[in-house]
Amino acid sequence: MLEHFGKYLIFLGSLVTRIESPRILFNRTIDEAILIGINSIFIVGIVSTFIGAVTCVQVSYNLTNALIPRSTIGFMVREMTILELAPTITSIVLAGKVGSNIASGLGTMQITEQVDALEVMGINSENYLVLPKIIAALFVFPMLVILAMFLSIAGGYIAGTLTNALTAQEYITGIRDAFVPYNILFALIKSVVFAFLISSISSFKGYNTSGGALEVGAASTAAVTNSVIAVLIADYVCAQLLL
Amino acid sequence: MIEIHNIHKTFGDKKVLDGVSGVFETGKTNLLLGASGTGKSVLLKCIVGLVKPDIGSVTFDGTYFTNNKLDIRQEIRRKIGMLFQGSALFDSMNVQQNVEFPLKMLTPDMTKSDRMDRVNFCLKRVGLEGSNKKMPSELSGGMKKRVGIARAIAPNCTYLFCDEPNSGLDPLTAIKIDELIKEITVEYNITTIVVTHDMNSVIEIGDRIMFLYQGKKLWEGTRDDIMDSDVKELNEFIFANRLMRDAKKVEEEEEQAENNNKQ
Ligand SMILES: Nc1ncnc2c1ncn2[C@@H]1O[C@H](COP(=O)(O)OP(=O)(O)O)[C@@H](O)[C@H]1O
Ligand SMILES: [Mg+2]
């Protein structure tokens, strides 16, 4: 375990030694960002809309006290999704989608000697292949989380009004009630932390693959499980430190 | 000319290379011959610096490579072209981008149109003009090797390394790839090392041959001497190779006969 962690740190160090030209790095980062963004936007959209809808329905089910105004439902949906559900659930979904993609891609390049081919050309393969993925994730994850925030609040709106749990006016009053801008910043900081963990852990697992197709599958699975655990631990630590 | 001196390599407690020394000459196809698992690929990787030998050194035209300063190693690496056993084409790029890639990385000053000229020249040289836009997944094994060779020679390499260039190919394609490697070697007067376990290659293109057996160099010489060697392991290897070839021939003839009967 400790040995693994040490190797992970050495791996992170190797990313930033012998840097390729900034222009190449920039182009690679843009390519990776487009890949991560386009590949994940659909699943993030679906998941966050439903999460908002389900949160709204369940809050309204639990809120039976007639003294509490119905607009509280909107308030609760906003608080839960922005603070926790949008960044964390989105990141867990992305750990599955982006993490496995990174690990299997790098693993395949490793076992088919494409990484060796880069090294023979004198290119630092860690720096060339991995660093752009991590930087791209650091930019794209917060954007996806912002999207997830909007869509989950919209999902709550749709579910709330369709089931007549509350009126549109009540929902809007609710989501505007006692708004704390810091919560958004907190969620975005979390998403950057999660982006780093997911992209670097998955790269580490993928880059260190050796063997054949079976090992690529194993690396991909390990990337997702380790990323999810890391995200949940980091979620707790962030809440303790920043709230 | 590449010289290797007393190369040792151990993985865990398994000794893979046990003090290999030798010289690979310029303008010649130098073969590393041996059965599977005798350390040919590891030796090749030690020479190009993908694997660090435990002891020993490699010298490229008099410049010390192993353990030298990073920029000197990089300078030598720019002159190295390598064809990997599985071709190792970048599968996210098409043929043209694969061949262009080392030019983009190694000669950033080159203009786009100069690069394209060079790419087209190299693709033509390996007999693949017009396949620029194909993806690696659309290519046959032999075509992949050709693209691999084109990518290796694109930046005007001085040293060409090929790991089992004809494994997994049918005999005719295998001979064509071998011949291509030999032609390129002579044409550009480069130093070429080819790893192989195939006696056909020895007969076709082997100018200098080094025979490896369990991590040791047991014999070296030219293809004219190889049949007269008095090394027991080499003779056994040649014999086994011939048996295998005969068996293959019989099999092919039988298949042919069967097909003829069907028709
Ligand atoms: N990275 C490695 N780690 C451990 N063992 C290795 C490694 N690379 C090669 N070997 C071992 O070294 C031996 C020689 O391998 P190799 O050079 O690939 O043989 P070949 O002559 O068929 O190319 C094999 O037994 C292989 O298992
Ligand atoms: Mg081999």
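Given the rule -39500 (n - 2.57) for each run of at least 4 DSSP H residues, summed and divided by the residues of chain A, what is its mean residue ellipticity at 222 nm, to the nearest 500 deg cm²/dmol?
Details: 10 runs with 187 residues, N = 243.
Calculated from helices alone, the mean residue ellipticity at 222 nm is -26000 deg cm²/dmol.
Distance between the C-alpha centers of segment B:80-115 and segment A:29-92? Whole Å please.
Result: 45 Å between the Cα centres.
Percent of Cα-Cα pairs per 5 Å bin, from 0 to the last occupied bin, for chain B, please list those.
Each 5 Å bin holds this share of Cα pairs: 1, 6, 12, 16, 17, 16, 13, 9, 5, 3, 1, 1, 0, 0.
Which of the listed residues, A:Thr17, A:Ile89, A:Ser100, is farthest toward the dipole's positive end in chain A, when Lys, Arg count +1 and Asp, Glu count -1 at the beta-carbon?
Going by the charge dipole, the pick is A:Ile89.
Ranked highest first by average number of other Cβ atoms within 10 Å, how do B:240-247, B:39-46 line up?
Values: B:240-247: 12.0, B:39-46: 23.0.
Averaged packing, sorted descending, gives the order B:39-46, B:240-247.
Quick test of the membrane-span-like rule: which DSSP H helices of chain B reach at least 15 Å along their long axis (C-alpha atoms) with mean Kyte hydropathy at least 0.0?
Once both thresholds are applied, what remains is B:95-106, B:141-153, B:171-188.
Rolling a 1.4 Å sphere over the protein heavy atoms, what is the accessible area per residue of chain A, to the nearest Å²?
Numbers: 11530 Å² over 243 residues.
I get 47 Å² per residue for this part.
In a GNM of chain A with a 10 Å cut-off on Cα contacts, which of A:Phe194, A:Phe26, A:Phe50 has the highest mean-square fluctuation?
A:Phe26
Restricting to DSSP H runs of at least four residues, report the calculated mean residue ellipticity at 222 nm for chain B, -39500 (n - 2.57) per run over all residues, nearest 500 deg cm²/dmol.
Values: 8 runs with 112 residues, N = 263.
Counting only the DSSP helices, I get -13500 deg cm²/dmol.
Once you place label points 7 Å from the Cα toward the Cβ at A:Ala218 and B:Glu75, how far apart are they in nm?
4.3 nm
Leaving out same-chain residues fewer than 8 places away, which lysines sit with a Cα under 20 Å from that of A:Lys190?
Correct list for A:Lys190: A:Lys97, A:Lys133.
Give the average, rounded to an integer, of partner chain Cβ atoms located within 10 angstrom of each Cβ in A:118-126.
Working: counts 5, 6, 13, 13, 13, 6, 0, 0, 0.
Other-chain Cβ atoms within 10 Å of each residue's Cβ, averaged: 6.
Run the reach check for B:Lys112 against aspartates and glutamates, Cα to Cα strictly under 18 Å, same-chain hits fewer than 8 apart removed. What comes back?
B:Glu100
In Å² (nearest 100), what accessible area is buried between A and B, both sides summed, heavy protein atoms only, 1.4 Å probe?
Working: alone 12360 and 13270 Å², together 24010 Å².
Chains A and B together bury approximately 1600 Å².
Relative to the Cα centre, what is the charge dipole magnitude of chain A, using +1 at the beta carbon of each Lys and Arg, -1 at the beta carbon of each Asp and Glu, and rounding to the nearest 20 debye?
Details: 11 positive and 14 negative charges, 84 e Å.
So the magnitude is around 400 debye.
Per residue of B:46-52, what is the mean number of Cβ atoms on other protein chains within 10 angstrom of that residue's Cβ?
Across B:46-52, the average partner-chain Cβ count within 10 Å equals 2.
Restricting things to alpha carbons, find the Rg to Rh ratio for chain A using the Kirkwood radius for Rh.
Numbers: Rg = 20.7 Å, Rh = 19.3 Å.
That ratio equals 1.08.
Treating only the Cβ of Lys, Arg, Asp and Glu as charged (+1, +1, -1, -1), what charge dipole size does the protein assembly as shown show about its Cα centre? Round to the nearest 20 debye.
So the dipole magnitude of the protein assembly as shown works out to roughly 1460 debye.
Under 16 Å from a point placed 7 Å out from the Cα of A:Lys7 along the Cα-to-Cβ direction: which residues of segment A:110-139 have their backbone N that close?
Hits in segment A:110-139 for A:Lys7 at 16 Å: A:110-111.
Could you work out the mean projected area of the convex hull around the alpha carbons of the protein assembly as shown, in square nanometres to one decimal?
So the Cα hull casts an average projection of 32.4 nm².
The values are calculated or read from the model by the stated rules, or taken from the named source; none is laboratory data. Everything numeric here is computed off the predicted structure, so don't read it as measured data. Virtual Cβ from ideal backbone geometry, glycine too; neighbours counted across all protein chains shown. Please note that ligands, DNA and RNA were not included when accessible areas were found on the heavy atoms of the full protein model with its side chains. Shrake-Rupley method; radii C 1.70, N 1.55, O 1.52, S 1.80 Å.
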